Amino acid sequence: MSQEYGASNIKVLKGLEAVRKRPGMYIGDTNTNGLHHMVYEVVDNSIDEAMAGYCRNIKVTMTKDNWIRVEDDGRGIPVSIHPTENISAATVVLTVLHAGGKFDKDTYKVSGGLHGVGVSVVNALSSELKMTIHREGKIHYQEFSKGIPKAPLEVIGDAPRKTGTTIEFLADDSIFEVCDYHFDVLAKRFREVAYLNPFISITLENEKTKVKEVYHFEGGIKQFVTDLNKETPVCDAVSFSDKADDIEIDIALMYNTTYTEKTISFVNNIRTIDGGTHEAGFKAGLTRSIVKYLNNNANAREKDTKITGDDVREGLIAIVSVKVPEPQFEGQTKGKLGSSYVKPLCQKLTSECLDRYFEENPQQAKAVMDKALMAARGREAAKKARELTRKKDSMSVGTLPGKLAECQSKDPEVRELYLVEGDSAGGSAKQGRDRVYQAILPLKGKILNVEKSRLDKILKSDEIRNMITAMGCGIGEDFNEEKIRYHKVIIMTDADVDGSHIQTLLLTFFFRFLRPIVEKGYLYIAQPPLYRYKKGKNEIYLKDDTALSNFLIENGVENFSFAGLGTNDMIDLFKTVSRYRDMLQQLEKRYSLVEVLKHLIENPDLVKLEQMDLYEVVRGFLEDKGYNILTKNINSEMIQLFVQTNEGLEELIIDDELFASPYFSEATYIFSKLVERDISMFDGRDLIELLDEVEGLAKKGAYIQRYKGLGEMNPEQLWETTMTPEDRRLLRVKIDDAEAASDAFTLFMGDEVEPRRNYIEEHAKDVEHLDV
C-alpha cells in the first residue's frame, strides 16, 4: 500500500502550537516532574531578577483550586511596545518562544534560563494564565487561554511605589496526567535556591492545608552543608568564594564519619544532577590540596600510604555553585555542565583556598588528613580481602559458593539468580525451580548493614562474599559489569517484618556497592502471593488484599441479585464500594470517629457550612448515636470535640487538614461516582454492609490461607506462584532520584538514631502493614 509524501505532509507548527503538540520536549514529561517544572520555570525568572540585584522577595502560593501564583518585587516585565513585534513586550515574553531578557547580556549577566522558552511554555501548557505587572507607576494586566491572549495588555490601576510581576496559572489537565502539586517537592527546590542566594527570601504557601514556610538563609551555602549533615562531623564547615572572567564560584564543604560522599553542584541556581566541569575541577583541587598537606605534614609511615580521589571524598559533604554568563549544558535538562574553561578555575580556587585554610587551621586539617588515611587503609584492606577471596576460590574445587544451586544455561541474558531468605525456603526453591535458567542462593539470616561499614569489613561477611562470587562481576575497583553472570537478580523474602528488613539490607548493599546492576535494570523483588483461596477442588492464589476483595466480589455476586442490575454492573459497583471502604479504613487509622467523617463524605454540602452550623450537625449526629460531647473547642480554624462513646473517650478534630487529606478527597470522589449510579433498588441500605454480605457469600465453605513465609509453601506452590514466568509478579528496582534514595538509606540504615526516631513519630499514622 503506497502513501504519497509531498509538501502537504510537512506540518508547520506556529506560535506555541509546537509546545502543546510535544510538551515533553520542553518540560521533560507530562507527569509530576513536568508539572513541578512549570513552577520552577516561572520562579527562575524571579530568581534571575534577584541575581541581577532587583528582587528581594518571592512568594509562591498553591491555591485551593489548584492554581499556582508566583509574585516578586523585581522591576516588572517591560510593558512598552516591542520594536519589531508591534505588541507589548510583556505579551511577547508570554507568547513567543526564545524571547526574553536572557539573550541580552546587559539585562542579565547570568541566568538560570538557557533557551528563553520558560514562561512562554508555561503559558502554552496552562488552560488559563493571568499576568499582573507593577511597573512605571501603573498596574498592567493580561489574561491568556492555552497560550493565546484573550485581550491586549491593559492598565487597570495605579501603583506609584510598587514594582514586580505576578504570574498565576492553571495547568491544562488535558495535557498533564496529574495536576496535584506536592508541597515537599517545591519546598526542596526553593530551599536550595534560598541557600544559594542568601540575600533573597522565598515564601511557599499551601492554601489548602494552610501550611506556610519562609526560606531565607543568611549563612548561605556554608549553612547548607551544615544543615545537610545528619551524622557526627569530622571538621567544621568551610566556605570560600571568588570571581574570575565574569564567573562567580562559591564552594562549601565539611566531613562527617560516614563512608559516603555527597557533592551537590549548581550552575546559575540550576541543579546539575550529572555534575560537569565545575564539579570535576572542585574534586581535582580537593585531592591535590589534601595530598599536598599530607606530603608536607604526615609522618614517614603515613606518607607511604597512597591517597586517591575516592579516599579524600569519603564522608565529604560539598556544595559547588557557579554563576556562568553563557553556560554550555549537555542537553535541555541542564543536567551536566560542559563549559571546559570552568574546570581550571574551580580547581585553582579550591586548591588555593584549602591550602590556606589548612595552614591556618592545623587541627581541622589533621582531622581531614586522618579521615583520608583511614579511607585509604580501608581500601587497601579491601583489596587484600578481594585477593584473598580469589586465592580461596582458585584453591577450591569450584569457584562458586557451595550453597549456590547453579543453572545449566550459560547465557547471562536468560539466567536468573534468586537470593532466597533462609535455608528452608531455599530448599523449596531449589526443588521447584527450572534448572535450565534459574539459580538459587539461600541467605542465612540478616546480612551485614553495609551503611555502617567500609568495604574491607563488608568483604569479611560470608553471605556478601557468596553473593559477589555468584554474580561474578566483582566489587569496588575490581567491578566489571561485562562479567555479570545473571541479567535477573531476584530478591525473594518472606512477607513479614524480618523479610522486609532483609530486603532493605540487600537493597542498601546493591545501591551502595553494586549500583550498575540496579541502573541496568537487573535487580528485581519477587512478589509472592499473600492469599490462597480454596473451595472444593478450586484453588487460586491472590497477590494482595485488593485482589482478594475483587475475587470475592466476582464470586459472591453469583448468589446475590437485585432487580434491574446485571452481574457485570453489580461487580463494577461493588469494586467501587470496595475502594470506598479502603479509603475509610485509611482515614480510620488517622482519625477518630470515622462514622462522623463518613457522614460528612456522604453529605458533601456540610463541608461548606460555617463552623458553628457544622458543629450543630455533628452534635445531632453524635446524639443520635447515643454519644456524649464532654468538652468542645470551636474556632475559625477547627472543631475539636472530646466525645464519650461506647468504646471510651475519643477526640474528634474537623479542620482544613482533614478536608485536604488525600484519603478524604479520594473517598469523597469515589462516593460521588457511586451517587451518579442508579442504586435506588438497594432501598437506602448501606453499601459497605452490602459489600460485606457479598464477600461473606464467597467465603462460605472456602478456606482462605494468608501466607506469611515462603517456607509455608511446598516446591510446587513456590514455582506456581512466585517463580514461573507465566504467572509470577516481579517488581523491578529503579533509581528515579539517586540523591533522595541515598538520603533514605542514610536515614533508615545509618548510625544516627534521632532523625530516624523523628521520622517514625511523624509518619506513624501512615503505616499500612504493621507486623507485631
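The values are calculated or read from the model by the stated rules, or taken from the named source; none is laboratory data. All figures in this text were calculated on a predicted structure; none of them were measured in a lab. Note that we place each Cβ from the backbone using ideal geometry, even for glycine, and neighbour counts take in every protein chain shown.
Only one of (1) acidic (Asp, Glu); (2) outside any helix (DSSP H, G or I); (3) buried (at least 17 other Cβ atoms within 10 Å of the Cβ) fails for residue 726. Which number is that?
Result: residue 726 fails condition (3) only.
Just checking, does segment 517-532 include any residue being touching a residue at least 24 places away in the same chain (Cβ under 8 Å), outside the structural domain of residue 638 (by TED's automatic domain parsing), of a type outside the set (Ser, Thr, Tyr) and on the phi > 0 side of the Ramachandran plot?
yes
Taking segment 52-109 as the search range and keeping residues that are modelled with pLDDT under 85 and of a type in the set (Lys, Arg), which one is farthest from residue 660 (Cα to Cα)?
105
Could you please tell me which pairs satisfy a Cβ distance under 8 Å, a separation of 6+ or placement on different chains, a first residue in segment 421-437 that is more than 14 Å from residue 490 (Cα to Cα), and a second residue that is outside any loop (DSSP other than H, G, I, E, B) and among the acidic types (Asp, Glu)?
Taking only residues 6 or more apart or on different chains, the pairs are 432/716.
Looking only at residues that are surrounded by fewer than 20 Cβ atoms within 10 Å (Cβ to Cβ) and more than 15 Å from residue 260 (Cα to Cα) in segment 374-385, which one is modelled with the lowest pLDDT?
385
Can you pull out the residues in segment 203-238 that are under 21 Å from residue 320 (Cα atoms) and in contact (Cβ under 8 Å) with a residue 40 or more places away in the chain?
Residues satisfying the conditions are 221, 224, 225, 228, 229, 230, 231, 234, 235, 236, 238.
For segment 269-312, name all the residues that are part of a loop (DSSP other than H, G, I, E, B) and buried (at least 21 other Cβ atoms within 10 Å of the Cβ).
Once the filter is applied, which keeps residues that are part of a loop (DSSP other than H, G, I, E, B) and buried (at least 21 other Cβ atoms within 10 Å of the Cβ), segment 269-312 yields 269, 272, 307.
So how many residues does segment 532-551 have that are surrounded by 13 or more Cβ atoms within 10 Å (Cβ to Cβ), over 35 Å from the mean Cα position of the chain (by Cα) and over 16 Å from residue 721 (Cβ atoms)?
1
Within the set of pairs 6 or more residues apart or between chains, which connect a residue that is in contact (Cβ under 8 Å) with a residue 12 or more places away in the chain inside segment 444-462 to a residue that is part of a helix (DSSP H, G or I) and among the hydroxyl-bearing types (Ser, Thr, Tyr) with Cβ atoms less than 6 Å apart?
These pairs meet every condition: 450/508; 451/508.
Condition first: loosely packed, with under 14 Cβ neighbours inside 10 Å, assigned by TED's automatic domain parsing to the domain that holds residue 671 and either under 38 Å from the mean Cα position of the chain (by Cα) or touching a residue at least 40 places away in the same chain (Cβ under 8 Å) (or both). Can you find one or more residues in segment 613-626 that meet it?
no
Here's the yes/no breakdown for (1) in contact with a strand residue (DSSP E or B) (Cβ under 8 Å, 6 or more places away or on another chain); (2) touching a residue at least 12 places away in the same chain (Cβ under 8 Å); (3) in a strand (DSSP E or B); (4) surrounded by 13 or more Cβ atoms within 10 Å (Cβ to Cβ):
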| residue | (1), (2), (3), (4) |
| --- | --- |
| 132 | yes, yes, yes, yes |
| 140 | yes, yes, yes, yes |
| 144 | yes, yes, yes, yes |
| 156 | yes, yes, yes, no |
| 160 | no, yes, no, no |
| 167 | yes, yes, yes, yes |
| 170 | yes, yes, yes, yes |
| 179 | yes, yes, no, yes |
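Only one of 673, 708 is part of a helix (DSSP H, G or I) and of a type in the set (Lys, Arg). Can you tell me which?
Residue meeting the stated conditions: 673.
Residue by residue through segment 203-247, note down the ones that are at pLDDT 90 or above, under 22 Å from the mean Cα position of the chain (by Cα) and farther than 25 Å from residue 637 by Cβ.
224, 225, 227
Counting only residues that are among the polar types (S, T, N, Q) and surrounded by fewer than 21 Cβ atoms within 10 Å (Cβ to Cβ), which one in segment 481-503 is farthest from residue 410 (Cα to Cα)?
This residue is 500.
When you scan segment 420-473, how many residues do you find that are assigned to a helix (DSSP H, G or I) and either in contact with a strand residue (DSSP E or B) (Cβ under 6 Å, 6 or more places away or on another chain) or more than 17 Å from residue 511 (Cβ to Cβ) (or both)?
Within segment 420-473, residues that are assigned to a helix (DSSP H, G or I) and either in contact with a strand residue (DSSP E or B) (Cβ under 6 Å, 6 or more places away or on another chain) or more than 17 Å from residue 511 (Cβ to Cβ) (or both) number 18.
Take segment 207-242 and flag every residue that is assigned to a loop (DSSP other than H, G, I, E, B), outside the structural domain of residue 42 (by TED's automatic domain parsing) and polar (S, T, N, Q).
229, 232, listed by residue number.
Give me a count of the residues in segment 207-233 that are surrounded by 18 or more Cβ atoms within 10 Å (Cβ to Cβ) and among the aliphatic types (A, V, I, L, M).
3
Out of 253, 204, 186, I need the residue that is more than 30 Å from residue 375 (Cα to Cα), part of a strand (DSSP E or B) and either polar (S, T, N, Q) or not assigned by TED's automatic domain parsing to the domain that holds residue 742 (or both). Which one?
Step by step, each of 253, 204, 186 is checked, and only 204 is more than 30 Å from residue 375 (Cα to Cα), part of a strand (DSSP E or B) and either polar (S, T, N, Q) or not assigned by TED's automatic domain parsing to the domain that holds residue 742 (or both).
Does segment 474-523 hold any residues that are closer than 18 Å to residue 429 by Cβ and part of a helix (DSSP H, G or I), and which are they?
Hits for segment 474-523 are 498, 499, 502, 503, 506.
Look at segment 640-672 and say how many of its residues are touching a strand residue (DSSP E or B) at 6+ places or on another chain (Cβ under 8 Å), buried (at least 19 other Cβ atoms within 10 Å of the Cβ) and closer than 20 Å to residue 605 by Cα.
2
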